[in-house]
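Read-outs: derived from the displayed coordinates by stated rules, not from any lab. From a predicted model like this one, the values you see are computed outputs, not experimental measurements. Cβ sites come from the backbone with ideal geometry, for glycine too, and all protein chains shown count toward neighbours.
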Amino acid sequence: MSLHPDFIEAVRRLHPGVNFLRDVIVQDNADGRGSFLAEWNLPGNPPTDDEIAAAMAAPVVPQTISMLSARRALRAAGLLDKINAAVAAAAPEVQDAWQFSNALDRRSPTVQALAAAIGLSGAQMDDLFIQAASLAPL
């Protein structure tokens, strides 16, 4: 039986960091029947078609956004003054990074610390990154 067309992308979204050479092995025997799941080495069962559809419908949280987009999203959320105060109270290296960086990385310890300093949850950070990435260029 052939895999759902979105199987690989859905597995990436459901299992960040998945290794398709170790954790999930997909093969195609070139027999005209398409790709199939050869091995599933992750906890639980492979995703069902409904789980794949739900994973594909969920917004993808960008891991990197431009500083301009970050500032625009923070301003729209009423958080720019708060983050600027947290940056002003931070170490000089953090201040330099905030002022001179071109992008923000969601996984950065500095970004995580600044978010915690203004009381943002992980879900709120995700929402801000999604919002920032969706902004039209100026």
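With respect to being on the phi < 0 side of the Ramachandran plot, surrounded by fewer than 18 Cβ atoms within 10 Å (Cβ to Cβ) and among the hydroxyl-bearing types (Ser, Thr, Tyr), residue 121 fits the description. Within the range 9-22, the residues that satisfy the criterion of being surrounded by fewer than 15 Cβ atoms within 10 Å (Cβ to Cβ) and closer than 14 Å to residue 40 by Cβ are 19, 20, 21, 22.
Of all the residues in the range 1-51, those that are touching a residue at least 24 places away in the same chain (Cβ under 8 Å), within 29 Å of residue 107 (Cα to Cα) and not in a loop (DSSP other than H, G, I, E, B) number 7.
Residues 104, 74: which one is surrounded by 13 or more Cβ atoms within 10 Å (Cβ to Cβ), of a type in the set (A, V, I, L, M) and touching a strand residue (DSSP E or B) at 6+ places or on another chain (Cβ under 7 Å)? Before the answer, list the steps.
Working: 74 fails: touching a strand residue (DSSP E or B) at 6+ places or on another chain (Cβ under 7 Å).
Every option except 104 fails the conditions.
Looking across the range 79-107, just one residue is closer than 16 Å to residue 126 by Cα, part of a loop (DSSP other than H, G, I, E, B) and more than 14 Å from the chain's Cα centre (by Cα), and that is 79.
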